[in-house]
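Take a look at the structure set out below.
The values are calculated or read from the model by the stated rules, or taken from the named source; none is laboratory data. Small disclaimer: the values here were computed from a predicted structure and weren't measured. Cβ placement follows ideal geometry from the backbone for every residue including glycine, while neighbour counts extend to all protein chains displayed. These accessible areas exclude ligands, DNA and RNA; they are computed on the full protein's heavy atoms, side chains included. Shrake-Rupley method; radii C 1.70, N 1.55, O 1.52, S 1.80 Å.
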Amino acid sequence: MPSTELIVSKIENGTVIDHIPAGRALAVLRILGITGREGVRVALVMNVESKKLGRKDIVKIEGRELTPDEVDVISAVAPTATINIIKNYEVVKKYKVRPPHVIRGKFKCRNPNCITNQHREHVVTSFVLVKEEPPTFACEYCGRYHSLEELV
Ligand code: CTP
Ligand code: ZN
């Protein structure tokens, strides 16, 4: 992928999230809680050419491995993503994300009357992926549909 290599250099150790649908890189960063103030090196590549996707985004995070939970949530916003683990500049592991069916405890329901928003109840939120494109999630408790933007 020579054109991409010209934009951002290779990383030494960390994770490359490749084949993200174009325009979703920021949602991926938000899921990972990366604001840019952590001091870790992060590279964002948006809207570059991809043989498989037409256009794609790439996120490169130096010095960080993702937890299985994080990968599951990423798959909801980037079902085409490939996770590459980099050690000493080499790709030592590569795998495709699997779409999660349920995401627990990560996001808030937008329905103010939802039981998950009643502080006394201590109910952990739970969202079910009901549609892949565009990703649409239903609150398991009140049924409200959430687009990606509403959830993340
Ligand atoms: N990469 C990187 N730093 C490295 C090694 C790889 O940033 N030290 C990035 C590459 O730029 C690429 C991704 O990690 O975006 C995957 O690398 P590689 O497997 O070498 O590329 P491809 O063969 O093109 O991957 P795929 O077959 O998954 O498209
Ligand atoms: Zn709800």
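If you bin all the Cα-Cα distances of the chain at 5 Å, starting from zero, the percentages per bin are 2, 9, 18, 20, 18, 13, 9, 6, 3, 1, 0. Measuring with a 1.4 angstrom probe and ignoring ligands and nucleic acids, residue 50 comes out at about 20 Å² accessible. Annotation: amide H of residue 136 within the under-5 Å range of 130, 131, sequence separation 5 or more or interchain, hydrogens built in the peptide plane. Amide H contacts of residue 144 (H built 1.01 Å from N, in plane; Pro and chain starts excluded): 139 sit under 5 Å, all sequence-distant by 5 or more or on other chains. Each Cα pair of the range 88-152 feeds into the Kirkwood radius, which the Stokes-Einstein equation turns, at 10 °C and 1.306 mPa s, into a diffusion coefficient of 120 µm²/s. Note on the chain: GNM, Cα springs under 10 Å; of 83, 74, 34, the largest mean-square fluctuation is that of 34. For the chain, the dipole from Cβ point charges (+1 on Lys and Arg, -1 on Asp and Glu) about the Cα centre works out to 60 debye, to the nearest 20. The angle separating the long axis of helix 68-77 from the principal Cα axis of greatest extent in the chain is about 90 degrees. A 1.4 Å probe over all protein chains sorts 57, 18, 72 by accessible area into 72, 18, 57, starting with the largest.
Residue 131 sits with roughly 100 Å² accessible to a 1.4 Å probe, with DNA, RNA and ligands left out of the calculation. The relative contact order of the chain, computed from alpha carbon pairs under 8 Å that lie at least 6 residues apart in sequence, is 21 percent. Using every Cα-Cα pair within the range 25-98, state what percent have a distance larger than 21 Å. I get 24 percent for the Cα pairs in the range 25-98 exceeding 21 Å. Note on residue 38 and residue 104: the model spin-label points, each 7 Å out from Cα along the C-beta direction, lie 2.4 nm apart.
One equal scatterer on each Cα of the range 56-116, no solvent, Debye formula: the resulting log10 I(q)/I(0) at q = 0.14, 0.29 Å⁻¹ is -0.51, -1.31. Each residue of the range 91-98 was assigned a 3J(HN,Hα) from its phi angle through the Karplus expression (A = 6.51, B = -1.76, C = 1.60, θ = phi - 60°), giving 6, 9, 8, 9, 8, 8, 6, 10 Hz with x at Gly and Pro. Using the Karplus relation 6.51 cos²θ - 1.76 cosθ + 1.60 with θ = phi - 60°, the per-residue 3J(HN,Hα) values for the range 27-38 come to 5, 4, 4, 5, 4, 7, x, 8, 10, x, 9, 7 Hz, with x marking Gly and Pro.
Among 115, 61, what's the order by accessible area (1.4 angstrom probe), most exposed first?
115, 61
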